[in-house]
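Visitor: This is the structure, below, for whatever I ask next.
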Amino acid sequence: MKKSMLLFVWMYALCTFSQEDLQPQVDALKQQIATASTLQKLILLDSLTNLVMDKPEYKYDSIARVTIDKAVELDSFQIAVQQAADLIYYYGSVSESPEKGITVYEDYKHLIAKVDDLKLLCLIYLYIGDSYSYAGKLKESLLFYTKSENFALQ
């Protein structure tokens, strides 16, 4: 019993510390982004986006869109599509706004043809399939799940 209680206290402290400790990292990255060169800015934005992923209190979705747009500007389509996939996942599974995930797909679907990473292609189609499914559009979701499966099997 003592071990269980000690473990619970330790886990609670770890979670609390981790949440409080994120703000200085976010602030430091934002300062670096403000003064960074174009390519360095993309790298830092990508890091910031990954840091605050699934954390709406840090406006993850806005940061992700800025990161995607910067990646497109620099022809870094791999990063753009990865961040779009993560944003689609966020809207569909975290914020429970699958229609917004569908909108992200519609906004950035033209970039998918510029990527040849099979794992990433599998992932983005899986996430958009989820968004369509959560939005009650099952016929459309099956099309995307099939695309995801096809890339997974390659």
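Any read-out appearing in this document is the output of simple, stated calculations on the displayed coordinates, not a laboratory observation. This structure is a prediction, so every number in the text was calculated from the model and none was measured. Quick reminder, even Gly has a Cβ in these numbers, built from the backbone with ideal geometry, and neighbours come from all protein chains shown.
Visitor: Do we find that A135 is surrounded by 14 or more Cβ atoms within 10 Å (Cβ to Cβ), over 28 Å from L51 (Cβ atoms) and among the hydrophobic types (A, V, I, L, M, F, W, C) in this structure?
Guide: Considered against the rule, which asks whether it is surrounded by 14 or more Cβ atoms within 10 Å (Cβ to Cβ), over 28 Å from L51 (Cβ atoms) and among the hydrophobic types (A, V, I, L, M, F, W, C), A135 comes out as yes.
Visitor: Run down Q78, Q83 and say which single residue is within 17 Å of the chain's Cα centre (by Cα), surrounded by fewer than 20 Cβ atoms within 10 Å (Cβ to Cβ) and either of a type in the set (D, E) or within 26 Å of I33 (Cα to Cα) (or both).
Guide: On inspection, the qualifying residue turns out to be Q78.
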